[in-house]
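Readers should treat all values here as calculations from the given coordinates under stated rules, not as data from a laboratory. Here the structure is a predicted model, which is why all the values come from computation and not from measurement. As a convention, Cβ positions derive from the backbone with ideal geometry for all residues, glycine included, and neighbour counts pool all protein chains shown.
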Ligand code: AMP
């Protein structure tokens, strides 16, 4: 009998050399298309965060926009998008960062979060952590009560967790 973790890890497809040579791309769409895997994953995420007082889930464009709103609905929390430059229509703040391949910037609406919020930042995958670190820096500038960070899975060999401040709880549901 397989564990839920094994079932989910097996459902993720590896694409060698995408989008550039040398990258082992973890394609999570194969987990999402399997109804049972999607249920297992959303259940595991809900169990992990149901007692943490989360008021806002912040999802990172674009793969953080899938489980982010699903979890927000289950936790009765709001959902906030962090997006690439030029996409959000109202006043924004911005942070730039290096990633496993290339560089990028992210933005959030300045009125997205307030000092009473307990924020859970969510993305699909932790590689170097650069994207999430920039997202954390954005959210910190809006002064929430507390910040937690969640990934569906992490690539452990890259030690991405180490770049986060020690007072931020960083968790992933699955590890590679
Ligand atoms: P990083 O900032 O290095 O932690 O990169 C994380 C972001 O890039 C996430 O949004 C991932 O979706 C994407 N990403 C980075 N490396 C991979 C990979 N090997 N497979 C799939 N997605 C990746």
Taking the condition under 28 Å from residue 25 (Cα atoms), surrounded by 19 or more Cβ atoms within 10 Å (Cβ to Cβ) and either in contact (Cβ under 8 Å) with a residue 24 or more places away in the chain or touching a strand residue (DSSP E or B) at 6+ places or on another chain (Cβ under 8 Å) (or both), does residue 82 pass?
yes
How many residues are under 13 Å from the mean Cα position of the chain (by Cα), more than 21 Å from residue 128 (Cα to Cα) and assigned to a helix (DSSP H, G or I) when one looks only at segment 41-65?
1
Looking across segment 1-40 at residues that are touching a strand residue (DSSP E or B) at 6+ places or on another chain (Cβ under 7 Å) and part of a helix (DSSP H, G or I), the single one that is surrounded by the most Cβ atoms within 10 Å (Cβ to Cβ) is 8
Any chance you could count how many residues in segment 121-147 are in contact with a strand residue (DSSP E or B) (Cβ under 7 Å, 6 or more places away or on another chain) and either assigned to a strand (DSSP E or B) or near the ligand (Cβ under 10 Å from one of its atoms) (or both)?
14
